[in-house]
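Before any comments, here is the structure.
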Amino acid sequence: MVHLSTIPSEDEIDDKLVESVKKAHLQLVNDEDAFTTSVYGSRFAALDLPRHEMPEREMPKEVAYRMIKDELSLDGNPMLNLASFVTTYMEEEAEKLMTESFSKNFIDYEEYPQSADIQNRCVSMIGRLFNAPGGSDDATKGAVGTSCVGSSEAIMLAVLAMKKRWKNKRVAAGKSTDKPNIIMSSAVQVCWEKAARYFEVDEKLVYCTQERYVIDPEETVNLVDENTIGICTILGTTYTGEYEDVKAVNDLLVRKGLDIPIHVDAASGGFVAPFVVPDLKWDFRLEKVVSINVSGHKYGLVYPGVGWVVWRSAEYLPKELVFNINYLGADQASFTLNFSKGASQVIGQYYQLIRLGKHGYRAIMSNLTRTANYLSDSLEAMGFIIMSKKSGEGLPLVAFRLTPQEDRNYDEFALAHQLRVRGWVVPAYTMAPNTKNLKMLRVVVREDFTRSRCDNLIADIKLGQQLLEQMDRDSIKKQQDFIHKNHTASGKATHNHPKYRETHSIQGRTGKTHAIC
Amino acid sequence: MVLSRHVDPEEVVSHLQGARTSNNKTKLSHLTPYDTAYASQVEIPKYRLPDDGAPADAVYAMIRDELDLDGRPNLNLASFVNTYVDDNSQKIMAENVAKNLADNDEYPAMLAMSQRCVSILANLWRVNKGEKAIGSPTVGSSEAIHLGGLAMKRRWQERRWAEGKDAYKPNILMGSNAQVALEKFARYFDVEARILPVSAKSNFCLDPDLVRQNIDENTIGVFVILGSTYTGHYEPVEEIARILDEFQNMTGIDIPIHVDAASGGFVAPFTHAGAGQRWNFELPRVKSINTSGHKFGLSCAGVGWIIWRDESYLPQHLIFKLHYLGGTEESYTLNFSRPGAQVIVQYYNLIHLGFSGYREIMENCLANARLLSNSLEATKWYTCVSAIHRPTKTVPTGVAQKVKNTVESAVSGGGKEQQQQDGSGETSAAYVAGLPVVSFRLTDEFKREFVHIKQETVSLLLRARGWIIPNYALPPSEDGTEILRVVVRESMSFDLLDRLVTDIVQVTEKLIDNDEVDLSILHKQRKEPAAKTDSSKKSQGGVAKDTEQRALNVGKNASRMAEGIHRSVC
């Protein structure tokens, strides 16, 4: 049956509610849990990570690890980064080797002789790959080389060697040594400008034109004067990947009887050209080429942190620059800007060299060339103008731009931002000076960029273009600003210093953007 | 690092031809890594890129096995470079090994961490409130020193041009105990290096009196080393700053100081002893400081830091801007693409250990170093050139003591009393400040008694037991003295130390027991391979007959800086 129940008065209800709230007051743990439950149960999860001041107290390692790992998940996905030449894939075995060598200090020759020996082997292999003259009879004739942190260090060393050699000659001839200069293309990577600036060498630029994105050999050689310490030629410019005509520069120098050394910046091309176009003469087969640098961490297929530089012979490396280092009775000649550094990358390089062999490198580079060709053809069919070379006449990258068209509301930068939303990092650049602010997009085809991923990219470019076609100028501008602000790191950057608004570099003067490499 | 001559393989190959079988092609299918052709018939490619590759696991196994010939990092007492990283650091390194520190747009989180490290270090080194410190990660202290020196040179040039004077003959001052990177800077950037000799009076460091005599209007700056790599002494930054202040008052010429705190930058701020006197941005004259993250910063090889006290000390002329996707980055580095994982580990260490964690580790290192020093001196065979085990009272400088007290209380804050009440009680505060380095040599009495014993032999015999303890000459003009040096790192535990002391004692006893002939044989055998590669070693040739000649040879063993030979490891 139905129970009879009393109806509570208003007061009673209120009372009870208040009571229950009182009982259910918050009971948060407040025992400064250092680390007992899971990482996310510790007090550190509720605190900001220290940013400016060292914390007074320790933090358990699991917590520190997890916090940092979580934060790093905000970094981009290297696979979708088509802007950079730098290797993002290595085999597990190579990774294992590298991990095991993290705490080895490469410079510590006496302690890690085997790592040092491995470097020597790499130098030898790379030297031979570039057809360096052997020096079996005369010890002073053979090529010499060294490993570096990257091509930047390699280039600085090469510039330093050229400058010193020029200076020594001038001093011997009793002439002034105030105004050394170096000749290079305006499409050079920023480290060339740095090297010139930091070592106080004037830069003489060979400008690109709207049709020609590499140096003109004739113009280059015409710039030579008595103060020229050398000429830089690039095997694979970072903009269009085109190989500069080293042979023509060399032949002109020979014809005119000029004794000017050539340095080949083969940062990207050094591991591509010998496998894809072995007949192209750009290396030590040309008599004026005295030094070559190459990045192991680009098409050398190693993770970042290794570059190589090789000189034709010890004669091109003035001995004042070489420091002898003694450790427990073993003398080592050393020419570097950096000293202590990790050994893993050099070991990784050796792994790749013997693991892949010429055949392996050729297979990979051939695939890349095929993929680049396929992408070029597809983009051409979609109406883009292709600025890069095809079929191995340049690096496996695709540089392209929109056809000039008055009524188009968007430019290359808008398209780049559109792709960014889909996760692809495809950079847009303003070309080297004197090319009328030519804009372009660039896709670097790296080892891990397969045909099927290429198809995905093409589909996304199509989609992005369709979307942009439907928008008017204002909304594109607005959207572009929004994406720039919210989807790129540099748009959000707060670290750029207001003081340093430089106008001294090619970029500062002309608005050229440096291509990332 | 090492310049290597590229080897012509023809000779080597022809030598091996006899051993080759016709079936020398690497098998593609195999059961184990040791089942491939490389295991027995074919030599692993050394000088020429092989035409065909080899299976991944085989190559891995071969290279790993070969690397076993490298030394054991933990027993290498010659190097300051950190060899122990915990599992988490290892993991985080491995996860981030593919990241390029130069690619800021792609890896913003990594960039943020590197900024935080700069910020944390600037604060640790007491940057002033009103100033805007600016800094950068580098590959190591070498790059940092080049950058610091270059900024000083450019500032000097700009000042000279502004005054309408010539700027052709810059010079820079450093002690002869300077690491090779400092001299490299001078050589590569066309600055005259004024390398000042050291003496026992100056603790084998930069001598303030000589600084006074060598500065002029063309001096771009003074490199002061916080933690000499020879003996671990800190150079007197404050004293040198005072000299430069006086010079400025007299002549109006402002000469900046760059502190090379490669090792000390992560030791002095944490230890109770501090640096003996002020050394960091508290001194207005210190414009820039560099340190190595991979030394006592406890990260992995490949990271250093440089910080300028204010952006105005970094000339605009040297900065390059890079555009990425419409955004910009400022850059002042010598290297471009490079790994970023070490920077992440640095940040991990900073927040994982915190101030007290670093302090504990550094105090432990110093305590172990004191123990080692005292044990060695107790044998009466050895005497220490380093001073961290000597109580400050024997060096009674009232000012220094007072300064130290203030520094200490400033650094440790409220925690000071608490620390001293702790059980053990003893901290480095009671001792001379310095790096946890023990530099020792045979006592004069010992040398008189056992004329035939060369100090280098101790180093050689210890090496046979796995320890790497280098023997080398002190810098000019004290290079008649040779020292053995032990760097006490984090991983040098009490137990290991115990073994080391035992081994040193045993080795020395063995030497005492052996007569001359045995020792000379030992020596000759070791020298032979070296003689082949270096003709300068010929002087080592015959066994000297009289003791005087032998004494001369002792001098020859440890290479001299005057001969252009530098010690490599730091």
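Residue-wise test of (1) in contact with a Ser or Thr (Cβ under 6 Å, 6 or more places away or on another chain); (2) farther than 19 Å from residue B:248 by Cβ.
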| residue | (1), (2) |
| --- | --- |
| B:135 | no, yes |
| B:143 | no, yes |
| B:164 | no, yes |
| B:172 | no, no |
| B:184 | no, yes |
| B:187 | no, yes |
| B:197 | yes, yes |
| B:206 | no, no |
| B:219 | no, no |
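The number of residues in the range A:186-214 being at pLDDT 90 or above and out of contact with any strand residue (DSSP E or B) (no Cβ under 9 Å at 6 or more places or on another chain) comes to 3. Hey, does the range B:239-253 have a residue that's more than 14 Å from chain A (Cβ to nearest Cβ) and within 23 Å of the chain's Cα centre (by Cα)? Scanning the range B:239-253, I find at least one residue that is more than 14 Å from chain A (Cβ to nearest Cβ) and within 23 Å of the chain's Cα centre (by Cα), so the answer is yes.
Filtering the range B:438-474 to residues that are surrounded by fewer than 16 Cβ atoms within 10 Å (Cβ to Cβ), hydrophobic (A, V, I, L, M, F, W, C) and within 14 Å of chain A (Cβ to nearest Cβ) leaves only B:464.
Yes/no per residue for (1) part of a loop (DSSP other than H, G, I, E, B); (2) away from chain B (no Cβ under 14 Å); (3) touching a residue at least 12 places away in the same chain (Cβ under 8 Å):
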| residue | (1), (2), (3) |
| --- | --- |
| A:179 | yes, no, yes |
| A:184 | no, yes, yes |
| A:188 | yes, no, yes |
| A:200 | yes, no, yes |
| A:203 | no, no, yes |
| A:215 | yes, yes, yes |
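Please tell me if residue A:378 is under 25 Å from residue A:210 (Cβ atoms) and either at pLDDT below 85 or surrounded by fewer than 20 Cβ atoms within 10 Å (Cβ to Cβ) (or both). Yes, satisfied.
Counting only residues that are assigned to a loop (DSSP other than H, G, I, E, B) and either surrounded by 24 or more Cβ atoms within 10 Å (Cβ to Cβ) or within 13 Å of chain A (Cβ to nearest Cβ) (or both), the range B:254-275 holds 12 of them. Annotation: of all residues in the range B:180-222 being assigned to a loop (DSSP other than H, G, I, E, B) and hydroxyl-bearing (Ser, Thr, Tyr), the one that is surrounded by the fewest Cβ atoms within 10 Å (Cβ to Cβ) is B:199. Picking from residues in the range B:64-93 that are in a helix (DSSP H, G or I), without any contact (Cβ under 8 Å) to a residue 60 or more places away in the chain and touching a helix residue (DSSP H, G or I) at 6+ places or on another chain (Cβ under 6 Å), the one that is surrounded by the fewest Cβ atoms within 10 Å (Cβ to Cβ) is B:66. As an exercise: evaluate residue B:44 against (1) more than 25 Å from residue B:365 (Cα to Cα); (2) not in a loop (DSSP other than H, G, I, E, B) and give the number of the one condition it does not meet. Of everything listed in (1) more than 25 Å from residue B:365 (Cα to Cα); (2) not in a loop (DSSP other than H, G, I, E, B), residue B:44 misses just condition (2). When B:150, B:121, B:173 are screened for being away from every other protein chain (no Cβ under 11 Å) and either modelled with pLDDT of 95 or more or under 29 Å from residue B:277 (Cα atoms) (or both), only B:173 passes. The selection criterion, being within 7 Å of another protein chain (Cβ to nearest Cβ), farther than 25 Å from residue A:342 by Cβ, part of a helix (DSSP H, G or I) and modelled with pLDDT of 80 or more, does not hold for residue B:373.
The single condition from (1) under 30 Å from residue A:368 (Cβ atoms); (2) of a type in the set (Gly, Ala, Ser); (3) in contact (Cβ under 8 Å) with a residue 40 or more places away in the chain that residue A:73 fails is (3).
Here's the yes/no breakdown for (1) surrounded by 24 or more Cβ atoms within 10 Å (Cβ to Cβ); (2) within 14 Å of chain A (Cβ to nearest Cβ); (3) touching a residue at least 24 places away in the same chain (Cβ under 8 Å); (4) assigned to a loop (DSSP other than H, G, I, E, B):
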| residue | (1), (2), (3), (4) |
| --- | --- |
| B:231 | yes, no, yes, yes |
| B:288 | yes, no, yes, no |
| B:291 | yes, yes, yes, no |
| B:306 | yes, yes, yes, no |
| B:329 | no, yes, yes, no |
| B:333 | no, yes, yes, yes |
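Just one of the numbered conditions (1) within 7 Å of chain A (Cβ to nearest Cβ); (2) in contact with a helix residue (DSSP H, G or I) (Cβ under 6 Å, 6 or more places away or on another chain); (3) modelled with pLDDT under 85 is not true of residue B:33; which one? (1) is the only condition that residue B:33 fails.
Yes/no per residue for (1) at the interface with chain A (Cβ under 9 Å from one of its Cβ atoms); (2) among the charged types (D, E, K, R):
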| site | (1), (2) |
| --- | --- |
| B:309 | no, yes |
| B:319 | yes, no |
| B:337 | yes, no |
| B:340 | yes, no |
| B:347 | yes, no |
| B:350 | yes, no |
| B:353 | yes, no |
| B:368 | no, no |
| B:388 | no, no |
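Against the list (1) more than 16 Å from residue A:155 (Cβ to Cβ); (2) in contact (Cβ under 8 Å) with a residue 40 or more places away in the chain; (3) within 14 Å of another protein chain (Cβ to nearest Cβ), the condition residue A:282 fails is (3). The condition of being surrounded by 24 or more Cβ atoms within 10 Å (Cβ to Cβ), of a type in the set (Val, Ile, Thr) and over 22 Å from residue B:160 (Cβ atoms) holds for residue B:237. Scanning the range A:346-375 for residues that are within 7 Å of chain B (Cβ to nearest Cβ) and in contact with a helix residue (DSSP H, G or I) (Cβ under 9 Å, 6 or more places away or on another chain) yields A:347, A:350, A:351, A:353, A:354, A:355, A:356, A:358, A:360. When the residues of the range A:88-113 are filtered to those that are under 30 Å from residue A:239 (Cα atoms) and within 7 Å of chain B (Cβ to nearest Cβ), the one that is surrounded by the most Cβ atoms within 10 Å (Cβ to Cβ) is A:88.
The number of residues in the range B:115-141 that are among the polar types (S, T, N, Q), surrounded by fewer than 24 Cβ atoms within 10 Å (Cβ to Cβ) and part of a helix (DSSP H, G or I) comes to 3. Being farther than 23 Å from residue B:485 by Cα, of a type outside the set (Val, Ile, Thr), within 14 Å of chain A (Cβ to nearest Cβ) and under 24 Å from the mean Cα position of the chain (by Cα), is that true of even one residue in the range B:192-214? Yes: one or more hits. If only one of A:300, A:307, A:269 is facing chain B (nearest Cβ under 9 Å) and either in contact (Cβ under 8 Å) with a residue 40 or more places away in the chain or within 25 Å of the chain's Cα centre (by Cα) (or both), which one is it? Among A:300, A:307, A:269, only A:307 is facing chain B (nearest Cβ under 9 Å) and either in contact (Cβ under 8 Å) with a residue 40 or more places away in the chain or within 25 Å of the chain's Cα centre (by Cα) (or both).
The values are calculated or read from the model by the stated rules, or taken from the named source; none is laboratory data. Keep in mind that this is a model prediction, so the values were computed, not measured. All Cβ positions, even for glycine, are placed from backbone atoms using ideal geometry, and neighbour counts span all protein chains on display.
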